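To start, the structure itself, in structure tokens.
The values are calculated or read from the model by the stated rules, or taken from the named source; none is laboratory data. All values reported here derive from a predicted model rather than from experimental measurement. Cβ placement follows ideal geometry from the backbone for every residue including glycine, while neighbour counts extend to all protein chains displayed. What goes into the accessible areas is simple: the full protein's heavy atoms, side chains included, and nothing from ligands, DNA or RNA. Shrake-Rupley method; radii C 1.70, N 1.55, O 1.52, S 1.80 Å.
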Amino acid sequence: GENVEQHPSTLSVQEGDSAVIKCTYSDSASNYFPWYKQELGKRPQLIIDIRSNVGEKKDQRIAVTLNKTAKHFSLHITETQPEDSAVYFCAAILNNAGNMLTFGGGTRLMVKP
Amino acid sequence: DTGVSQDPRHKITKRGQNVTFRCDPISEHNRLYWYRQTLGQGPEFLTYFQNEAQLEKSRLLSDRFSAERPKGSFSTLEIQRTEQGDSAMYLCASSPSGTPKGYTFGSGTRLTVV
């Protein structure tokens, strides 16, 4: 089965700085990699995703990069704002596994004003 | 239909009691998933339905857990003879079939076993 490791577990940055969260996965057949943001007491919400045929995807201040050879992918948040403070989860999916996501352990991002 | 609904939001039960949770997915989504999330951890997969068929169950799911999706719409998750270790947030999610897509999660049911 798939295994997803996420680092760091906590990340503190100053407002305006960039934040990078990294994940590695074990199964080379994985082909879809979403990122979720979860605020305290709320549901995980999809913020960006990337498929295995793409190396990078950007949406305003958020970008995700994928290195299939090394089996790792990263979330990049630029010009961080206090409202970016939350727990971020990466995940990976196998194409033939019923769309089941395996999640990383999460990164608690704190953006200091 | 604006999203995935879960009921109840919170449940406190005594050890040994049975509990049942309900999930209403987005109506056009034929895939439904149950996950469990404990404090500080990522969601852990429990089980998955495509329409009314339960196609996958995690090894985490003991015999005390059962899930149904009788008409391919809403789903229920029942835990029998609850234990303190069952205390967690139980998240339901749905997605359309076909090309892998991210899930839409419900707000979850927080279970506390005392």
Legend entry - Conditions (1) under 13 Å from the mean Cα position of the chain (by Cα); (2) more than 16 Å from residue B:20 (Cβ to Cβ); number of the one not met by residue B:85: (1)
Legend entry - When residues of segment A:68-99 are limited to those that are crowded, with 22+ Cβ neighbours inside 10 Å and closer than 28 Å to residue B:50 by Cβ, the one farthest from the other protein chains (Cβ to nearest Cβ): A:73
Inset, instruction - Kindly check whether there is at least one residue in segment A:42-54 that is open to solvent by less than 80 Å² (accessible area, probe 1.4 Å) and in contact with a Cys (Cβ under 9 Å, 6 or more places away or on another chain). - result: no
Legend entry - Verdict on residue A:61 being of a type in the set (D, E, K, R), surrounded by fewer than 23 Cβ atoms within 10 Å (Cβ to Cβ) and within 9 Å of another protein chain (Cβ to nearest Cβ): no
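Got a sec? Which strands (runs of 3 or more DSSP E) wholly within segment A:35-113 have at least 3 residues that are touching a residue at least 60 places away in the same chain (Cβ under 8 Å) and within 14 Å of the chain's Cα centre (by Cα)?
Because the criterion is at least 3 residues that are touching a residue at least 60 places away in the same chain (Cβ under 8 Å) and within 14 Å of the chain's Cα centre (by Cα), the strands (runs of 3 or more DSSP E) in segment A:35-113 that meet it are A:86-94, A:101-103, A:107-112.
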Inset, instruction - Would you be able to tell me the number of residues in segment B:84-94 that are within 8 Å of chain A (Cβ to nearest Cβ) and either open to solvent by 40 Å² or more (accessible area, probe 1.4 Å) or in contact with a helix residue (DSSP H, G or I) (Cβ under 6 Å, 6 or more places away or on another chain) (or both)? - result: 0
Inset, instruction - For residue B:64, indicate whether it is touching a residue at least 60 places away in the same chain (Cβ under 8 Å) and open to solvent by less than 90 Å² (accessible area, probe 1.4 Å). - result: no
Inset, instruction - Within segment B:31-47, identify whether any single residue is open to solvent by 40 Å² or more (accessible area, probe 1.4 Å), in contact (Cβ under 8 Å) with a residue 24 or more places away in the chain and more than 14 Å from chain A (Cβ to nearest Cβ), and answer yes or no. - result: no
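Per-residue answers, yes or no, for (1) free of Cβ contacts under 8 Å to residues at least 40 places away in the same chain; (2) within 26 Å of residue A:90 (Cβ to Cβ); (3) open to solvent by 50 Å² or more (accessible area, probe 1.4 Å):
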site: B:69; (1), (2), (3): yes, no, no
site: B:76; (1), (2), (3): no, no, no
site: B:96; (1), (2), (3): no, yes, no
site: B:103; (1), (2), (3): no, yes, no
Legend entry - Filtered residue count, segment B:45-80, keeping only those that are of a type in the set (Gly, Ala, Ser) and in a strand (DSSP E or B): 4
Legend entry - Residue match in segment A:10-23 (condition: among the β-branched types (Val, Ile, Thr), more than 24 Å from residue B:35 (Cα to Cα) and touching a residue at least 40 places away in the same chain (Cβ under 8 Å)): yes
Inset, instruction - Quick one: count up the residues across segment A:100-113 that are under 17 Å from residue A:39 (Cα atoms) and open to solvent by 60 Å² or more (accessible area, probe 1.4 Å). - result: 3
